[in-house]
Amino acid sequence: MMNENVEKDILILAIESSCDETAAAVVKNGRTVLSNIISSQIALHTLYGGVVPEIASRKHIEKINQVIEAALSEAGVTLEEIDAIGVTYGPGLVGALLVGVAEAKAIAYAAKKPLIGVHHIEGHIAANFIENQDLEPPFFALVVSGGHTHLVRVKDYGQFDVIGRTRDDAAGEAFDKVARAVGLGYPGGPKIDKAAREGNPDAIIFPRAHVEEAPYDFSFSGVKSSVLNYINGCQMKGEEYSQADIAASFQKAVTDVLVEKAMHAAEEYHVDKFAIAGGVASNSALRAAMKEACERRGIRFYYPSLVYCTDNAAMIGSAAYYEYINGTRHGWDLNAVPNLKLGER
């Protein structure tokens with residue numbers, strides 16, 4: 001006899017435009033990605049050594065209809081079959097966010113579908129649900145990206161307690177600035193990761209910052225400044241310096257702090273599941289160090305594939321699904337919130 005309680009599949013059309021990726025995806029039941037289309041602007045912004053907000057916004061306007069059409073086409077579904085529209089509404093670049101939010105509102109209004117605004121960091125955390133079908137809250141997550149470094153207690157779907165955050169530069173921001181300083185260029189994260197493989201991580205001792213009264217908060221401006229001072233010192237003395245050694249030593253300094261604070265939290269909160277998320281979660285040294293630290297303590301370790309670490313719409317679709325079944329709905333007054341805090345509504 002058929003189970004009458006079997007519910008129909010929920011399909012979310014998700015849109016992400018918080019920085020320099022224009023992305024759309026169709027996600028089924030929060031875990032199955034039917035399509036994930038990403039139009040990246042990296043090559044364009046590389047010319048300027050970083051993301052130019054005005055250019056990013058204009059490119060989103062050019063590309064957003066195309067990526068949405070491609071996402072629906074690749075998933076083999078029509079707009080009528082979609083149950084809700086999910087969109088990143090913060091944090092991020094305000095002009096870039098506005099493009100996605102306006103598009104989502106227009107589609108939701110025209111197609112008479114529910115609208116669900118998603119927090120970008122919630123999306124990064126939800127990326128772990130896509131490939132890890134066994135992962136359920138509660139667990140801890142370390143979110144490390146160009147704009148954010150958060151240590152988060154995931155209490156339930158859509159329920160978060162941020163126990164640590166960066167006081168200044170995010171980890172990814174520090175990677176970009178150091179990469180520029182040593183002549184590697186933009187985007188810094190992947191280039192430092194690659195250069196570091198040829199270097200000695202113990203060649204130079206860069207500082208590991210600890211924030212008084214806030215054992216889980218991060219600070220990366222000091223290590224960034226230390227790298228810049230080291231390079232300036234070498235140049236003033238006319239000494240050669242190794243790009244690879246600086247990259248490896250800097251990467252180790254950042255990784256050591258991230259892993260140490262993550263494991264401190266894991267021990268204090270008796271964590272048995274730990275996930276990493278965000279663009280810097282694709283860093284090979286961080287993945288390896290976290291994996292080893294978790295294995296040593298008997299903690300199950302989760303991380304997304306590289307495509308789900310960087311900005312994408314599939315992760316927004318996953319987060320939107322859980323918000324949808326929790327009853328979250330947004331009105332036509334939904335607006336971009338560039339400094340949106342995790343846990344705010």
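The values are calculated or read from the model by the stated rules, or taken from the named source; none is laboratory data. If you're wondering where the values come from, they're calculated on a predicted model, not measured in any experiment. A quick note on method: Cβ atoms are made from the backbone with ideal geometry, for glycine too, and the neighbour counts reach across all protein chains shown.
Only residues that are closer than 15 Å to SER145 by Cα, in contact with a helix residue (DSSP H, G or I) (Cβ under 6 Å, 6 or more places away or on another chain) and either of a type in the set (Asp, Glu) or surrounded by 14 or more Cβ atoms within 10 Å (Cβ to Cβ) (or both): list them for the stretch 304-341, please.
Passing the criteria: PRO304, TYR308, CYS309, THR310, MET315.
Going residue by residue through the stretch 42-51, is there one that turns out to be in contact (Cβ under 8 Å) with a residue 60 or more places away in the chain, under 23 Å from the mean Cα position of the chain (by Cα) and within 24 Å of HIS330 (Cβ to Cβ)?
No, the stretch 42-51 contains no residue that is in contact (Cβ under 8 Å) with a residue 60 or more places away in the chain, under 23 Å from the mean Cα position of the chain (by Cα) and within 24 Å of HIS330 (Cβ to Cβ).
Would you please list the contacts, defined by Cβ atoms under 9 Å and residues six or more apart or on different chains, that run from a residue in the stretch 103-120 that is touching a residue at least 40 places away in the same chain (Cβ under 8 Å) and small (Gly, Ala, Ser) to a residue that is assigned to a helix (DSSP H, G or I) and buried (at least 16 other Cβ atoms within 10 Å of the Cβ)?
Listed pairs, sorted by first residue: GLY117/VAL101; GLY117/ALA104; GLY117/ALA320; GLY117/GLU323.
Does ALA71 satisfy the criteria of being part of a helix (DSSP H, G or I) and crowded, with 17+ Cβ neighbours inside 10 Å? Before the answer, list the steps.
Numbers: part of a helix (DSSP H, G or I): yes; crowded, with 17+ Cβ neighbours inside 10 Å: yes.
Yes.
May I ask you to list the residues in the stretch 195-227 that are among the aromatic types (Phe, Trp, Tyr) and assigned to a loop (DSSP other than H, G, I, E, B)?
Applying the first criterion (among the aromatic types (Phe, Trp, Tyr)) to the stretch 195-227 yields 206, 216, 218, 220.
Across the stretch 195-227, the qualifying residues are PHE206, TYR216, PHE220.
List, please: which pairs have Cβ atoms under 6 Å, are six or more places apart or on different chains, and start with a residue in the stretch 319-345 that is aliphatic (A, V, I, L, M) and end with one that is part of a loop (DSSP other than H, G, I, E, B)?
LEU340/PRO91
Suppose we keep only residues that are part of a loop (DSSP other than H, G, I, E, B) and touching a Ser or Thr at 6+ places or on another chain (Cβ under 9 Å) within the stretch 23-35. Which one would you say is surrounded by the fewest Cβ atoms within 10 Å (Cβ to Cβ)?
Residues of the stretch 23-35 that are part of a loop (DSSP other than H, G, I, E, B), as a first pass: 29-31.
Filter once more, keeping what is touching a Ser or Thr at 6+ places or on another chain (Cβ under 9 Å): 30-31.
Values: GLY30: 20, ARG31: 16.
Across the stretch 23-35, the extreme among qualifying residues is ARG31.
Residues in the stretch 36-59 that are surrounded by 18 or more Cβ atoms within 10 Å (Cβ to Cβ) and within 20 Å of ALA127 (Cβ to Cβ): how many?
Of the residues in that region, 4 qualify.
Give the residue, chosen from PHE220, PHE139, that is of a type in the set (Phe, Trp, Tyr), within 21 Å of GLY343 (Cα to Cα) and buried (at least 17 other Cβ atoms within 10 Å of the Cβ). Full working, then the answer.
On the way: PHE220 fails: within 21 Å of GLY343 (Cα to Cα).
Exactly one of PHE220, PHE139 is of a type in the set (Phe, Trp, Tyr), within 21 Å of GLY343 (Cα to Cα) and buried (at least 17 other Cβ atoms within 10 Å of the Cβ), namely PHE139.
Given the options GLY147, GLY164, name the one that is part of a loop (DSSP other than H, G, I, E, B) and surrounded by fewer than 24 Cβ atoms within 10 Å (Cβ to Cβ). Working first, answer last.
Numbers: GLY164 fails: part of a loop (DSSP other than H, G, I, E, B).
That would be GLY147, the only listed residue that is part of a loop (DSSP other than H, G, I, E, B) and surrounded by fewer than 24 Cβ atoms within 10 Å (Cβ to Cβ).
Among the residues of the stretch 167-190, is any without any contact (Cβ under 8 Å) to a residue 12 or more places away in the chain, in the same structural domain as TYR241 (by TED's automatic domain parsing) and out of contact with any Cys (no Cβ under 6 Å at 6 or more places or on another chain)? Explain how you work it out, then say what you get.
Taking the stretch 167-190 and keeping what is without any contact (Cβ under 8 Å) to a residue 12 or more places away in the chain, we get none.
No, the conditions are met nowhere in the stretch 167-190.
Which of the residues spanning the stretch 259-273 are under 22 Å from ALA174 (Cβ atoms) and either among the charged types (D, E, K, R) or surrounded by fewer than 23 Cβ atoms within 10 Å (Cβ to Cβ) (or both)?
VAL259, GLU260, LYS261, MET263, HIS264, ALA265
Which one of the conditions (1) farther than 16 Å from GLY100 by Cβ; (2) out of contact with any strand residue (DSSP E or B) (no Cβ under 7 Å at 6 or more places or on another chain); (3) polar (S, T, N, Q); (4) in contact (Cβ under 8 Å) with a residue 24 or more places away in the chain does SER35 fail to meet, given that it meets all the rest?
Of everything listed in (1) farther than 16 Å from GLY100 by Cβ; (2) out of contact with any strand residue (DSSP E or B) (no Cβ under 7 Å at 6 or more places or on another chain); (3) polar (S, T, N, Q); (4) in contact (Cβ under 8 Å) with a residue 24 or more places away in the chain, SER35 misses just condition (2).
So which residues in the stretch 273-319 are farther than 20 Å from GLY189 by Cβ, among the β-branched types (Val, Ile, Thr) and either modelled with pLDDT under 95 or not assigned by TED's automatic domain parsing to the domain that holds ALA170 (or both)?
Listed by number, the list holds a single entry, ILE316.
If ASP20 satisfies all but one of (1) under 24 Å from GLY331 (Cβ atoms); (2) surrounded by 24 or more Cβ atoms within 10 Å (Cβ to Cβ), what's the number of the condition it fails?
It fails just one condition, (1).
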